Every structure is written in C-alpha cells, then in structure tokens.
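Working notes for the structure below.
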Amino acid sequence: MSVKEQLQAMKEQAKEQIKLARSIHELNDMKAKYLGKKGSFASIMSKMKDLSPEERPTFGKLTNEAKQVILEYIESQKEVIELAKIEAKLQEEKIDVTLSGRHFPHGHLHLLTQIKRDMEEFFIGMGYTIKEGPEIEIDEYNFEKLNLPKDHPARDMQDSFYITDNTLLRTHTSPVQVRTMLEDEGKNPIKIICPGKVYRRDDDDATHSHQFMQLEGLVVDEKTTMADLKGTLHAAAKHLFGESREIRLRPSYFPFTEPSVEVDVSCHNCGGKGCHICKQTGWIEILGAGMVHNNVLRDSGYDPSKYQGFAFGMGIERIAMLKYGINDIRAFYTNDLRFIGQFK
Ligand code: DAH
C-alpha cells in the first residue's frame, strides 16, 4: 500500500470510529489512538526517514492534510456529544405543566372557635368589648361575690375542681363580671362579653363534659331594664338560629340575678311545631340570664340605687350542638377529623 493509500484508509477508519464516540472520554481515547505518540499517525510519520528528500515534501503535505481532517472529525464529534448532553439535560429537567398538582390538605378553625368568633363579632357590633379572665379563679370571685356564700346550696349545682381551699378551676365565666366591676370601681357603665373555658367535676357523657365553653355577657348602666335584656337576647337568637326565631323567658333561679330567667328559642328545626330536637315542645333552652342581683352590684362596688345591670351566660357547645344537630358533646374534644372536617 502506498503512503497515500494508507493515509486514505486511516482517514476513513477514523471517520467511522470517531462517529461512534459517545463521550468526551471516548473521544479523547480516539484522539490518542490516531494522533497520539503511539498512534496510527505517528507510525506512518516514522516512515518519513525512509523516504528520499524529493519525496518528503509531498509526504509532509499529505500527512498534514490527513491530520487536519482527523482533527476536524474530532472537533465535529465533540460538538455532537456536547449537544446530546444538553439535550439529555433538558429532557431530564422537563416539567410537565399539564400534570395535576399534589393535594395539600388545608386546616380550618374548629367549630367551637367559629361559633365563638361569630358571637364575638355580633356583640362587638352591638357595642360590647371582649373581656378575659383566668381559668384558675379564687373562690371569692367564682362564688362569694356572685352571691354564693360558702354554705349556699346552689354551689352544689356546679361541682368544682378545687386546687386549694380558696382556688379552683372556674365553674363558669360569671367571675369575669366581678372582675370587670371591681376594675371599673363602680364608676363607669359596663358592656362586656367574656367567652372562655370552664370546668366542672362531671362525669363525661353525651351531654356533659368536665371542660366546656361559655359566653358570658354583662351590661351595667343607669337605666338598664329587663326589656334591654330581652331585646339583646332576641337579636342574638336571630343571629344564631335565623331571622324568624322568637324567644321566651321562663322564670328561673340563679343566685347572682334577680329576677332570673331561662331563655328558650323557638325551634329552628321544626319552626315551633314540635320535633325530636325540641322534644316536641317547639322551644329549646339556650341560656340563663337575669337582672344583676343588688348584692352582686354592691359587693363589686356599684351602687344598686343608681346602677342596674343584666347578665347572661350561654354554653357554646350547646349552641353548636343545637345548630348542627350534634348529639354528643365529646365529639368536640376527641379530634376525629371526620367530625371536625365537616365544619369548614
Ligand atoms: N353562670 C351560669 C351557669 O354557669 C349561667 C348564667 C346564668 C350566667 C345567668 C349569667 C346569668 O350571667 O345571668 O350556669
């Protein structure tokens, strides 16, 4: 084979093989194989010394040209490899915008919080402010200053968790009435609500919980009457259970109010005809209320000959149970998402 033929064969073989290189690493191997110190090209070059001086320039020209061609093959394959690499990367990072997203469940407010906030907004709209009091209360505020002295039989109505002889978990939100009146030192009119947790030493069952929530209301002013109480509670009942609701007041007894009433709302389920929710009476009891007892006003610094007040207290769970037909109070506290999730 002439040198020219050898070079031609080498170029052709190189062209085929370089095309097969799939990575820069493989390409470098090819480069070494053809153009390296021990490569095919070097072995052809080694024949130069056997040539006559006249033959050498032609040989030089041919070999240079062949080397150039092989370098070009390598360069162009390098581009091919790099393009393929970019393409592969693009494929790998491709985002399918038509895929549907993952579903992240959203939480929401607990039903009791919803009702509490709804009531707060309603009363704020009527000019009330929101008060809070401690859940650990002193006997004096929870009972004594509410006209419930130590030996008073009505204390049995509210079995208590005592912490010491004088401190207990508050059994109702009514002590916040006392706290508010004491703070205002008998000087200013009062118009507050107090939502919050209360505790009783009851065995838990479908209608009793040792911990539950109440919403207390207290209005004290110079011309406050039972009519104000009735109007306020009528508006609250309509807000809670619907525009066409009526209320009725039944005489009752609480030590801290005189007169005391229990308030019924006409049944939202049957409209008053009688059903299982209202136990066929057409009425549902929703809260206790009354005109603040003179002793309570006086013991907390308000002069009963000048000031009158009304107060009311309702159970938030009870309202929720009536409104949504929930028949077990424990459902609010066992945190079963199947229950809680129904009140989005
Ligand atoms: N504190 C009472 C209870 O827990 C509820 C209550 C009744 C509150 C009459 C009042 C009221 O403010 O006037 O049973």
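Overview of values
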{"read-out": "Degrees, to the nearest 10: 111-125 long Cα axis against longest axis of the chain", "value": "60"}
{"read-out": "Cβ-based exposure ranking for ILE329, ILE18, in which fewest neighbours within 10 Å come first", "value": "ILE329, ILE18"}
{"read-out": "Cβ-based charge dipole, the chain, positive-most Cα from LEU51, ALA14, GLY101", "value": "LEU51"}
{"read-out": "Of the GluC sites (Glu not before Pro) in region 40-88, those whose Cβ has at most 12 other Cβ within 10 Å and which sit in DSSP loop", "value": "GLU54"}
{"read-out": "Among the listed pairs LYS94/LYS344; LYS273/LYS323; LYS33/LYS61; LYS145/LYS230; LYS150/LYS197; LYS33/LYS89, those beyond 28 Å (Cα-Cα)", "value": "LYS94/LYS344; LYS33/LYS89"}
{"read-out": "Angle in degrees between helix 24-35 and the longest Cα principal axis of the chain, rounded to the nearest 10", "value": "10"}
{"read-out": "Least to most buried among PHE41, PHE104 (fewest other Cβ within 10 Å first)", "value": "PHE104, PHE41"}
{"read-out": "Crossing angle, helix 175-184 versus the chain [Cα axis fit, 0-90 degrees, rounded to tens]", "value": "80"}
{"read-out": "For the chain, cysteines whose Cβ has no other cysteine Cβ within reach (under 4.7 Å)", "value": "CYS194"}
{"read-out": "Proximal aspartates and glutamates to LYS279, defined as alpha-carbon separation beneath 19 angstrom and excluding residues fewer than eight positions away on the same chain", "value": "GLU246, GLU262, ASP264, GLU317, ASP328"}
{"read-out": "Region 3-92: relative contact order in percent, alpha carbon pairs under 8 Å with at least 6 residues between", "value": "40"}
{"read-out": "Under 18 Å from LYS31, Cα to Cα: aspartates and glutamates that are on another chain or at least 8 residues apart", "value": "GLU12, GLU16, GLU65, GLU72, GLU75, GLU79, GLU82"}
{"read-out": "Rounded to 5, percent antiparallel among DSSP beta bridges of the chain", "value": "95"}
{"read-out": "Exposure proxy ranking, count of Cβ atoms within 10 Å, fewest first, for ASP202, ASP299, ASP96", "value": "ASP96, ASP202, ASP299"}
{"read-out": "Estimated dipole of region 42-200 in Debye, rounded to 20 [Cβ of Lys and Arg +1, of Asp and Glu -1, Cα centre]", "value": "280"}
{"read-out": "Electrostatic dipole magnitude of the chain [Cβ: Lys, Arg +1; Asp, Glu -1; Cα centre; debye, to 20]", "value": "1940"}
{"read-out": "Region 3-92: proportion of alpha-carbon pairs further apart than 23 angstrom, %", "value": "32"}
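Every number here is computed from the coordinates shown, using simple stated rules; none is lab data. From a predicted model like this one, the values you see are computed outputs, not experimental measurements. Glycine also receives a Cβ, built like all others from the backbone with ideal geometry; neighbour counts cover every protein chain displayed.
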